[in-house]
Structure formats: structure tokens, C-alpha cells
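The values are calculated or read from the model by the stated rules, or taken from the named source; none is laboratory data. None of the values given here were measured: they were computed from a predicted structure. Methodologically, a virtual Cβ is constructed for each residue, glycine included, from the backbone with ideal geometry; neighbour enumeration extends over all protein chains shown. Each accessible area value is taken on the protein alone, full model and side chains, heavy atoms only, with ligands, DNA and RNA left out. Shrake-Rupley method; radii C 1.70, N 1.55, O 1.52, S 1.80 Å.
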Amino acid sequence: MWGGTPQRNMVSSMKNLPTTWNVKTGQNIKWKADLGEQSYGNPVVAGGKVFVGTNNERPRSAEVNDDKGILMCFRESDGKFLWQAVSDKLPSEGANDWPLVGVCSSPLVEWNLLYYVTNRGELMCLDTEGLADGKNDGPFQDEASKGPADADIIWRLDMMKELGVYQNNMANSSPVAWGDLLFVETSNGKDENDEKVPAPGAPSFIAVEKKTGKVVWKDSSPGDRILHGQWSSPALGEVAGLMQVFFPGGDGWLYGFNALTGE
């Protein structure tokens with residue numbers, strides 16, 4: 001996951017990593033692979049695969065050649081492209097889904113499941129094998145494309161449609177997990193003119209079941225005080241023996257909740 005651990009302290013235990021590289025000569029570069037022309041979703045490495053969010057400015061499929069949000073999967077050993085998850089852009093464009101930005105969320109991987117937020121504000125659970133294994137896993141069976149280079153969706157939670165969220169410009173929260181729960185910010189925020197919060201009662205923070213995507217608890221404390229948008233990501237920490245989850249609220253405040261109950 002982005003940050004390495006649920007605490008996101010950005011410290012790695014790896015040793016003897018290269019500190020210099022040269023793109024032209026290939027010094028300390030094992031392989032390279034084409035992404036889109038804008039990539040804000042940090043790469044995550046797990047189970048012999050590399051996952052990264054990008055846009056569709058260098059299409060991997062002739063049938064998918066316009067502006068999309070893309071999550072790509074590569075083989076870690078040699079950079080071979082394996083599969084991609086494709087998300088259509090929202091019709092409201094810049095108000096909720098900025099053109100050509102692609103996917104900004106960084107995925108979380110546990111075993112063979114991957115969780116991330118699409119450009120459409122959908123919290124998604126994918127099978128890390130994609131559809132290349134010939135199996136369409138999970139209750140979700142309505143993938144738009146079902147070729148071997150396509151994603152296998154396990155479940156999907158549309159935060160705009162199902163929770164009433166109005167995301168400002170883009171959704172980009174990177175999920176974090178603890179126990180059976182997954183935590184994410186919703187990117188709720190102001191309107192296109194930056195004048196008011198259209199959905200002050202919509203949740204800013206949610207906890208969902210990892211297996212089903214069902215919302216366990218939610219909180220809308222920032223309300224109409226959101227200054228612009230919510231583009232941060234939660235982190236976990238144990239305080240006085242209690243596991244807590246922390247969210248920047250986009251209103252100048254940092255919020256902490258009992259991770260299990262949301263209190």
C-alpha cells in the first residue's frame with residue numbers, strides 16, 4: 001500500500017537500494033513500461049505484480065481510446081502488461097472528474113484482492129489476477145469488457161450515487177485497512193465555482209466491509225465547512241490500546257475515530 005503500512009510512516013526496511021539512475025543509459029533501470037501521459041496514482045508492488053493509476057493517453061486497447069481513468073497491472077519481474085481496469089469519465093467533467101487526470105488513488109492489496117477509488121468516486125475491490133485466470137470472481141458480474149487483459153471486479157461502491165457525495169474535481173483517497181474494515185475519504189467538497197458545499201450532509205469518511213463493500217459506519221462532521229475538497233487519505237494508529245483511524249477533513253481539522261465503531 002501507499003506508505004507501506006496502515007500508519008503510512010513512509011519508512012522502508014529495504015537495504016542497498018540504488019540512489020542514482022539514468023534513463024538514457026539504463027543505469028540501475030531493470031525495465032520500463034508505458035503509462036498514460038499523466039499518472040497520479042502511486043505504484044504499489046504486491047504478489048509479483050505492480051499496480052498503478054494513470055490516464056488513457058497511451059491506450060493499451062484499440063477499443064478503449066478516449067479519455068478514461070485507468071488502473072494498470074504489470075508483471076514485477078519484467079514489466080509485462082497484464083491487465084487494466086477502465087473507468088468512464090463522469091459527464092460533469094471538471095466539476096467532479098477533471099479531464100485527462102486519470103486515476104489518482106493508490107491501491108491497497110491484501111492477498112489476491114485490490115482496493116482503490118476510481119475517478120468516478122467508486123470504491124472498488126478487484127481480483128489481482130484480473131480475468132486472465134478465466135474466472136469471473138465475486139458477486140459483481142457486469143464488467144463492460146471481459147477479455148484476458150481486463151479487470152475482474154469483485155464489488156463496487158459508488159459513493160456519489162449511493163451516498164450522495166459531491167466530489168470536487170476528482171476522487172483520490174487511497175484506502176487503508178484494519179481487520180475486516182476498509183477506510184477511505186469520499187472527496188466530498190464544494191461546487192465547480194467553489195462557492196458552496198452542495199452535499200454538506202453526505203459522508204466525508206466511511207468504513208466498509210472488505211468482503212462486501214457494505215458501509216459499516218460513516219461521518220459527515222466537516223459538513224458545509226469544507227474549504228475546497230477532500231483529497232487526502234486516512235491512516236491508522238493505536239492510542240491507549242484503542243485502534244483509531246485519522247482523516248484530514250478538508251476544513252482545517254484532523255479527525256480521529258474509533259476504527260471499529262466510528263465514535
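Given Cα pairs under 8 Å that are at least 6 residues apart, what percent is the relative contact order of the chain?
13 percent
Run the helix sum for the chain: -39,500 (n - 2.57) per DSSP H stretch of 4+ residues, divided by residue count, reported at 222 nm to the nearest 500 deg cm²/dmol.
-500 deg cm²/dmol
State to the nearest 20 debye the size of the charge dipole of the chain about its Cα centre, where the only charges are +1 on K and R beta carbons and -1 on D and E beta carbons.
For the chain, the charge dipole is close to 860 debye.
With the other protein chains left in place, how much accessible area per residue, in square angstrom, belongs to segment 56-207 at a 1.4 angstrom probe?
For segment 56-207, the solvent-accessible area averages 40 Å² per residue.
Return the single residue from Pro18, Pro198, Pro222 with maximal mean-square fluctuation; model: Gaussian network over the chain, springs between Cα atoms under 10 Å.
Among Pro18, Pro198, Pro222, the largest mean-square fluctuation in the Gaussian network model of the chain belongs to Pro18.
If you project the alpha carbons of the chain onto the principal axes, what extent comes out on each, in Å, largest first?
Principal axes ranked by extent give 50, 44, 38 Å for the Cα atoms.
Could you please state, rounded to a whole Å, how far the C-alpha centre of segment 1-60 is from the C-alpha centre of segment 120-174?
Between the Cα centres of segment 1-60 and segment 120-174 lies a distance of 22 Å.
Let me spell out the model: positive unit charges on the Cβ of Lys and Arg, negative unit charges on the Cβ of Asp and Glu, origin at the Cα centre of segment 160-263. What dipole size does that give, in debye rounded to 20?
260 debye
Rank Gly79, Gly53, Gly179 by mean-square fluctuation in a GNM of the chain with C-alpha springs under 10 angstrom and give only the top-ranked residue.
Its mean-square fluctuation being the largest, the pick is Gly179.
Which is farthest toward the positive dipole end of the chain among Thr212, Asn193, Ala46, measuring Cα position about the Cα centre, with Cβ charges +1 (Lys, Arg) and -1 (Asp, Glu)?
Farthest towards the positive end: Ala46.
Given axes a ≥ b ≥ c from the Cα gyration tensor, I'd like to know whether segment 139-263 is rounded (a/c under 1.5), prolate (a/b larger than b/c) or oblate.
Cα axes put segment 139-263 in the oblate bin.
Under the rule of at least 5 residues apart or a separate chain, name every residue whose amide H is placed under 5 Å from the amide H of Tyr255.
For Tyr255, the qualifying residues are Phe247, Gly249.
Would you work out the charge dipole size for segment 17-160 about its Cα centre, treating the Cβ of every Lys and Arg as +1 and the Cβ of every Asp and Glu as -1, and quote it to the nearest 20 debye?
640 debye
Towards the positive end of the charge dipole of segment 51-181, with charges on Cβ (+1 Lys, Arg; -1 Asp, Glu), say which of Trp83, Asn169, Tyr115 has the farthest Cα.
The residue sitting farthest along the positive end of the dipole is Asn169.
Find which of Trp98, Asn16, Gly252 sits farthest along the positive direction of the dipole of the chain, computed with +1 on the beta-carbon of Lys and Arg, -1 on that of Asp and Glu, about the Cα centre.
Asn16
How much length is gained if the chain between Tyr40 and Thr19 is pulled fully straight, taking 0.36 nm per residue apart and subtracting their Cα-Cα distance, in nm to one decimal?
Working it through step by step, the gained length comes to 5.3 nm.
Computed FRET efficiency, Cβ-Cβ of Asn136 and Asn28, R0 51 Å: what is it to the nearest 0.05?
After rounding, the FRET efficiency stands at 0.80.
Ignoring ligands, DNA and RNA, what percent of the 1.4 Å accessible area of the chain is carbon and sulfur?
51 percent
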